[in-house]
Amino acid sequence: MLSDATKAHWKTYWIWFFWVSLAFFTVYPLCNWFTAQRSFYFSPYFEFELAIPLVKEFFWPYFSMYLLFFVPPFILNRQQLSLMGKQLVIATLISGLTFLLLPAKLGFPRLIPDDPFYAKIFTQMFALDLPYNTVPSLHIVFSTILVLHINKASQSPILKLLMMIWLILLYISTILVHQHHLLDIITGFLVAFVLFRWQPIRNSP
C-alpha cells in the first residue's frame, strides 16, 4: 500500500502533468495552424546552417525529451514539482505569444531519409509538426527546465553528469533532425533559464 505522502506526491506530479499537457496541446497546434495561414514569415537563421546535414539517427535523442518528463517525480519533492509545473506552463504561454508575434519559418527543406524505417518516422513527424513555432524552441525550453530542476534536486554527481549529457544531445538533435536553428536553441535556453531563476515564481505559494 502506498503511504499518504507518496499518494500526495504522485497526485501533485499528475496534476501538473495535466496542466502542462493542456497548455502545450492547446497553444502549440493552434499557433502552428494560425501561422500556416499567414503570408509573411521571419527567417531567423544563418545561411551556413542550411548546409548542416540531416542525421536520421538523432531522432532518438530528439524524441527522448518526452521520456525526460517521467524523471522528475523520482527526484523532486512536491514543492519542487509544483514550481517546475508552473514554470513549464508559463514558458508555454510565453513561447506561444512569441510564435504569434514572431512568425518564424524553418529554413531546412523537409527531407525524408531513404531508409524505409526512418522515412515513416520523419514523414509522420513532419506531417504533425509544421515548419513554424520555431523561436523559441519549446523542445529546448522544456528539456532545459526539466534538467535544471533535476540537477538542483539531485545529490548524485553521476546523475547530474548524465542529465547534462542528455541535455546536450537534445540540443544537438534539434538541429540534426532539421527541426530548429541556432537562434531557436539560444532563445529557448534563455526563456528556460530566466523562468528557472525568476524569484516571483520561485517564491509563490
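The values are calculated or read from the model by the stated rules, or taken from the named source; none is laboratory data. Computed from a prediction, not measured in an experiment: that's the story for all the values here. Neighbour counts are summed over all protein chains in view; Cβ atoms, including those assigned to glycine, are modelled from backbone coordinates with ideal geometry.
In the range 164-187, what residues are part of a helix (DSSP H, G or I) and either β-branched (Val, Ile, Thr) or without any contact (Cβ under 8 Å) to a residue 60 or more places away in the chain (or both)? Quick ask: steps written out before the conclusion?
Initial filter on the range 164-187 (part of a helix (DSSP H, G or I)): 164-176, 182-187.
Matches in the range 164-187: 164, 165, 167, 168, 171, 172, 174, 175, 185, 186, 187.
To keep it simple, each residue is scored yes or no on (1) surrounded by 15 or more Cβ atoms within 10 Å (Cβ to Cβ); (2) modelled with pLDDT under 95.
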position	(1), (2)
120	no, no
126	yes, yes
143	yes, no
171	yes, no
177	yes, no
202	no, yes
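Would the range 25-44 turn up any residue that is modelled with pLDDT of 95 or more, at negative phi, in a helix (DSSP H, G or I) and loosely packed, with under 12 Cβ neighbours inside 10 Å?
Yes, the range 25-44 contains a residue that is modelled with pLDDT of 95 or more, at negative phi, in a helix (DSSP H, G or I) and loosely packed, with under 12 Cβ neighbours inside 10 Å.
Taking the options 68, 102, 76, name whichever one is surrounded by 15 or more Cβ atoms within 10 Å (Cβ to Cβ), touching a strand residue (DSSP E or B) at 6+ places or on another chain (Cβ under 8 Å) and either among the hydroxyl-bearing types (Ser, Thr, Tyr) or touching a residue at least 40 places away in the same chain (Cβ under 8 Å) (or both). Walk me through how you get there before you give the answer.
Working: 68 fails: touching a strand residue (DSSP E or B) at 6+ places or on another chain (Cβ under 8 Å); 76 fails: touching a strand residue (DSSP E or B) at 6+ places or on another chain (Cβ under 8 Å).
Criteria check complete, one pass: 102.
In the range 47-56, which residue that is out of contact with any Asp or Glu (no Cβ under 7 Å at 6 or more places or on another chain) and touching a residue at least 40 places away in the same chain (Cβ under 8 Å) is surrounded by the fewest Cβ atoms within 10 Å (Cβ to Cβ)? Let's see the steps before the verdict.
Initial filter on the range 47-56 (out of contact with any Asp or Glu (no Cβ under 7 Å at 6 or more places or on another chain)): 47-55.
Subset that is touching a residue at least 40 places away in the same chain (Cβ under 8 Å): 49-50, 52-55.
Details: 49: 15, 50: 12, 52: 13, 53: 8, 54: 18, 55: 14.
Within the range 47-56, the match that is surrounded by the fewest Cβ atoms within 10 Å (Cβ to Cβ) is 53.
Checking the conditions here, which among 181, 139 is touching an Asp or Glu at 6+ places or on another chain (Cβ under 7 Å), closer than 25 Å to residue 37 by Cβ and surrounded by 14 or more Cβ atoms within 10 Å (Cβ to Cβ)?
Working: 139 fails: touching an Asp or Glu at 6+ places or on another chain (Cβ under 7 Å).
From the options 181, 139, the qualifying one is 181.
Which one of 42, 46 is touching a His at 6+ places or on another chain (Cβ under 9 Å) and of a type in the set (Phe, Trp, Tyr)? Spell out how you get there, then give the answer.
Numbers: 42 fails: touching a His at 6+ places or on another chain (Cβ under 9 Å).
Being touching a His at 6+ places or on another chain (Cβ under 9 Å) and of a type in the set (Phe, Trp, Tyr) holds for just one of 42, 46, which is 46.
Report yes if residue 134 is hydroxyl-bearing (Ser, Thr, Tyr), buried (at least 17 other Cβ atoms within 10 Å of the Cβ), in contact (Cβ under 8 Å) with a residue 60 or more places away in the chain and in a helix (DSSP H, G or I), otherwise no.
On the way: hydroxyl-bearing (Ser, Thr, Tyr): yes; buried (at least 17 other Cβ atoms within 10 Å of the Cβ): yes; in contact (Cβ under 8 Å) with a residue 60 or more places away in the chain: yes; in a helix (DSSP H, G or I): no.
Criteria not met by residue 134.
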